[in-house]
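S.K.: Before I ask anything, here is the structure I am working with.
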Amino acid sequence: TDLSLLRFISAELTRGYFLEHNEAKYTERRERVYTCMRIPKELEKLMFFGIFLCLDAFLYVFTLLPLRVFLAMFRFITLPCYGLRDRRLLQPAQVCDILKGVILVICYFMMHYVDYSMMYHLIRGQSVIKLYIIYNMLEVADRLFSSFGQDILDALYWTATEPKERKRAHIGVIPHFFMAVLYVFLHAILIMVQATTLNVAFNSHNKSLLTIMMSNNFVEIKGSVFKKFEKNNLFQMSNSDIKERFTNYVLLLIVCLRNMEQFSWNPDHLWVLFPDVCMVVAAEIAVDIVKHAFITKFNDITADVYSEYRASLAFDLVSSRQKNAYTDYSDSVSRRMGFIPLPLAVLLIRVVTSSIKVQGVLAYVCVVLFYCGLISLKVLNSIVLLGKSCQYVKEAKMEEKLFNPVLTATPGKPAGKQQSMFKSTQGISTDENGSTSVTNQPVHQKENMPSLLVTSNSDQFLTTPDGEEKDTSQDSSELKHRSSKKDLLEIDRFTICGNRID
């Protein structure tokens with residue numbers, strides 16, 4: 001062939017190619033684009049549901065917990081009138097309620113010895129770079145406190161309610177109680193320093209500290225986007241982001257309360273704070289969307305996984321509402337998301353009582369009306385959450401795990417022992433003591449017995465790859481690989497730092 005510069009240029013200008021020869025590749029790239037476009041909607045739906053879960057657990061401390069403590073104390077005082085029908089003086093749930101209430105009251109009075117004004121001026125006198133470093137250290141310390149704090153509280157609850165006939169394998173209730181009080185007090189001080197630093201950033205003249213603190217969120221993208229994530233790891237990160245966003249909302253509320261107090265509750269100053277508040281919230285939402293969009297892109301995870309995460313959180317809520325639940329639903333939320341409401345509630349009560357002075361009969365009437373409004377909000381939020389949770393569980397086809405606990409075997413416990421806990425007589429599921437379950441679902445014996453031997457399709461929930469149907473005739477190696485994966489519902493603890501739990 002005649003090689004010349006003219007023929008080369010002509011070939012470059014007229015060269016063609018056919019994209020349909022690599023149809024699978026380009027279809028996959030287009031689906032990735034569509035997945036990134038769906039991430040904001042699916043992520044915000046999960047965040048919206050998770051934030052209301054945190055709000056429900058947070059409002060529980062202010063509304064129903066005082067009433068439950070009052071009922072438990074009333075039962076303890078009037079116990080001689082009823083006689084000792086049971087070995088326990090109080091039920092385990094009542095003991096836990098009293099412990100929470102006592103910890104809350106003790107830490108509240110201890111917080112009076114911490115001067116908020118002195119802390120504010122001490123932090124304001126520091127340089128911008130030093131404050132930026134302090135804020136980063138506070139974020140790390142908050143995650144460490146949250147990851148270990150629920151363990152301390154759970155150890156206290158179990159030590160106080162453990163059956164007495166068992167062998168003593170603990171250091172005692174009193175040491176555990178002092179450890180819990182110390183933890184809640186230190187964590188409340190830590191959150192107060194965070195709120196004070198954020199308040200200083202809001203009141204700075206050039207807003208440079210606020211800008212630097214917001215840019216710190218974008219550094220989070222660098223530390224997480226280019227790592228390998230699986231579904232369980234992404235679930236941990238999503239729970240951490242929900243907890244972080246709700247905590248930031250409470251911190252912004254505390255900042256607004258402190259600023260409004262300094263300006264004699266002038267409503268005009270609220271509009272001065274409003275742009276900065278919107279800027280902080282918008283930056284947090286934007287960072288979460290970008291982070292999750294690229295994590296799902298690099299790890300080939302579809303946007304449907306967030307609906308599975310939402311169904312898993314809904315399953316925790318529905319299962320904790322049953323009659324024979326293993327734990328309180330607020331503690332279940334704390335374990336899942338690392339959100340512990342007690343320190344945050346102590347700080348908010350301390351700030352509100354110091355910012356708002358209650359004087360006169362009319363003021364006390366307003367406090368009672370406000371408390372009734374909080375109870376109404378809590379009840380309404382709980383009803384809506386429970387209805388939505390039942391809907392999500394039904395859509396995910398997880399009712400079998402809820403109504404037939406035998407299908408969700410606990411690791412380390414033989415299946416035969418679990419099957420003995422549910423008797424098929426009279427078509428009603430019962431436990432060892434013969435008490436009926438809260439579900440009371442009538443089932444036929446002939447239809448129920450084979451289901452105990454066959455694994456349900458919902459057992460592969462959150463463990464199978466996206467969009468892939470599993471055939472029952474797969475080889476043994478693939479089945480072994482599938483069985484080695486952990487179901488999200490079987491994992492009780494998650495680190496809020498987004499690290500993998502092996």
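The values are calculated or read from the model by the stated rules, or taken from the named source; none is laboratory data. Predicted model, so just to flag it, every value in this text is computed and none were measured. Note: ideal-geometry Cβ built from the backbone for every residue, glycine included; neighbour counts use all protein chains shown. SASA here: full protein model, heavy atoms, side chains in, ligands and nucleic acids out. Shrake-Rupley method; radii C 1.70, N 1.55, O 1.52, S 1.80 Å.
S.K.: If you go through the stretch 246-269 one residue at a time, how many are under 27 Å from residue 339 (Cβ atoms) and either free of Cβ contacts under 8 Å to residues at least 12 places away in the same chain or open to solvent by 60 Å² or more (accessible area, probe 1.4 Å) (or both)?
M.R.: Summing the residues that are under 27 Å from residue 339 (Cβ atoms) and either free of Cβ contacts under 8 Å to residues at least 12 places away in the same chain or open to solvent by 60 Å² or more (accessible area, probe 1.4 Å) (or both) in the stretch 246-269 gives 2.
S.K.: Of everything in the stretch 313-333 that's among the hydroxyl-bearing types (Ser, Thr, Tyr) and buried (at least 20 other Cβ atoms within 10 Å of the Cβ), which residue is modelled with the highest pLDDT?
M.R.: We begin by selecting, within the stretch 313-333, every residue among the hydroxyl-bearing types (Ser, Thr, Tyr); these are 319-320, 326-327, 329-330, 332.
Then keep just the ones that are buried (at least 20 other Cβ atoms within 10 Å of the Cβ); that gives 319, 329-330, 332.
Working: 319: 84, 329: 72, 330: 73, 332: 77.
Residue satisfying both the conditions and the ranking: 319.
S.K.: In the stretch 286-302, which residues are assigned to a helix (DSSP H, G or I) and touching a residue at least 40 places away in the same chain (Cβ under 8 Å)? Spell out the reasoning first.
M.R.: Residues of the stretch 286-302 assigned to a helix (DSSP H, G or I): 286-298.
Correct list: 287, 288, 289, 290, 291, 292, 293, 294, 295, 296, 297, 298.
S.K.: Could you tell me whether any residue of the stretch 251-265 is closer than 18 Å to residue 42 by Cβ and assigned to a helix (DSSP H, G or I)? Before the answer, list the steps.
M.R.: Quick first cut of the stretch 251-265, residues closer than 18 Å to residue 42 by Cβ only: none.
No, the stretch 251-265 contains no residue that is closer than 18 Å to residue 42 by Cβ and assigned to a helix (DSSP H, G or I).
S.K.: Here's another thing I want to ask about it. Given 138, 55, which one is in contact (Cβ under 8 Å) with a residue 60 or more places away in the chain and of a type in the set (A, V, I, L, M, F, W, C)?
M.R.: On inspection, the qualifying residue turns out to be 55.
S.K.: Scan the stretch 177-208 residue by residue and report those that are under 21 Å from the mean Cα position of the chain (by Cα) and of a type in the set (Val, Ile, Thr).
M.R.: Once the filter is applied, which keeps residues that are under 21 Å from the mean Cα position of the chain (by Cα) and of a type in the set (Val, Ile, Thr), the stretch 177-208 yields 184, 191.
S.K.: Tell me, which residue of the stretch 202-222 that is open to solvent by 40 Å² or more (accessible area, probe 1.4 Å) and part of a helix (DSSP H, G or I) is nearest to residue 255 (Cα to Cα)?
M.R.: So the first thing to find is which residues in the stretch 202-222 are open to solvent by 40 Å² or more (accessible area, probe 1.4 Å), and the list is 203, 205-207, 211-212, 215, 218-220, 222.
Subsequent filtering for residues that are part of a helix (DSSP H, G or I) retains 203, 211-212, 215, 218-220, 222.
Values: 203: 10, 211: 17, 212: 18, 215: 20, 218: 23, 219: 24, 220: 24, 222: 29 Å.
Among them, the one singled out is 203.
S.K.: Next up: Would you mind stating whether residue 122 is within 22 Å of the chain's Cα centre (by Cα) and modelled with pLDDT of 85 or more?
M.R.: Details: within 22 Å of the chain's Cα centre (by Cα): no; modelled with pLDDT of 85 or more: yes.
Against the criterion (within 22 Å of the chain's Cα centre (by Cα) and modelled with pLDDT of 85 or more), residue 122 does not qualify.
S.K.: Which condition number does residue 174 fail, the rest of (1) at pLDDT 85 or above; (2) touching an Asp or Glu at 6+ places or on another chain (Cβ under 8 Å) being met?
M.R.: (2)
S.K.: Can I ask one more? Please list, ordered by first then second residue, the pairs with beta carbon atoms under 6 Å, 6 or more apart or interchain, first in the stretch 214-238 and in contact (Cβ under 8 Å) with a residue 24 or more places away in the chain, second loosely packed, with under 14 Cβ neighbours inside 10 Å.
M.R.: Taking only residues 6 or more apart or on different chains, the pairs are 233/500.
S.K.: Before we move on, is residue 293 more than 20 Å from the chain's Cα centre (by Cα) and open to solvent by 50 Å² or more (accessible area, probe 1.4 Å)?
M.R.: On the way: more than 20 Å from the chain's Cα centre (by Cα): yes; open to solvent by 50 Å² or more (accessible area, probe 1.4 Å): no.
The answer is no for residue 293.
S.K.: Which residues, taken from the stretch 58-83, are aliphatic (A, V, I, L, M), in contact (Cβ under 8 Å) with a residue 24 or more places away in the chain and more than 30 Å from residue 282 (Cβ to Cβ)? Don't jump to the end; show me each part of the working.
M.R.: Pass one, the stretch 58-83, residues aliphatic (A, V, I, L, M): 59, 61, 64-65, 67, 69, 71-73, 77, 79.
Applying the additional criterion that residues be in contact (Cβ under 8 Å) with a residue 24 or more places away in the chain yields 59, 61, 64-65, 69, 72-73.
Across the stretch 58-83, the qualifying residues are 64, 65, 69, 72, 73.
S.K.: Out of contact with any His (no Cβ under 8 Å at 6 or more places or on another chain), surrounded by 15 or more Cβ atoms within 10 Å (Cβ to Cβ) and more than 30 Å from residue 243 (Cβ to Cβ): which single residue out of 65, 55, 90, 59 fits that description?
M.R.: Numbers: 65 fails: more than 30 Å from residue 243 (Cβ to Cβ); 55 fails: more than 30 Å from residue 243 (Cβ to Cβ); 59 fails: more than 30 Å from residue 243 (Cβ to Cβ).
From the options 65, 55, 90, 59, the qualifying one is 90.
S.K.: Quick one: which of 336, 310 is modelled with pLDDT of 80 or more and in contact with an Asp or Glu (Cβ under 7 Å, 6 or more places away or on another chain)? Talk me through it step by step, then tell me what you get.
M.R.: Values: 310 fails: in contact with an Asp or Glu (Cβ under 7 Å, 6 or more places away or on another chain).
Within the list 336, 310, the selection yields 336.
S.K.: Another question, then. Could you list all residues from the stretch 81-98 that are at pLDDT 70 or above and over 20 Å from residue 60 (Cα atoms)? Before you say what the answer is, go through the steps one by one.
M.R.: Residues of the stretch 81-98 that are at pLDDT 70 or above, as a first pass: 89-98.
Within the stretch 81-98, 89, 90 qualify.
S.K.: If you don't mind, another one. Which residue pairs have Cβ atoms closer than 9 Å, lie 6 or more positions apart in sequence or on different chains, and pair a first residue in the stretch 22-35 that is surrounded by 11 or more Cβ atoms within 10 Å (Cβ to Cβ) with a second residue that is assigned to a helix (DSSP H, G or I) and of a type in the set (D, E, K, R)?
M.R.: 26/20; 32/297; 35/297
S.K.: Let me ask something else. Pick from the stretch 354-402 the residues that are closer than 30 Å to residue 110 by Cα and outside any helix (DSSP H, G or I): which of them is least open to solvent (accessible area, probe 1.4 Å)?
M.R.: Across the stretch 354-402, the extreme among qualifying residues is 360.
S.K.: What are the residues in the stretch 118-131 that are open to solvent by 60 Å² or more (accessible area, probe 1.4 Å), assigned to a helix (DSSP H, G or I) and of a type outside the set (D, E, K, R), if any?
M.R.: Scanning the stretch 118-131 gives 118, 121, 122, 129.
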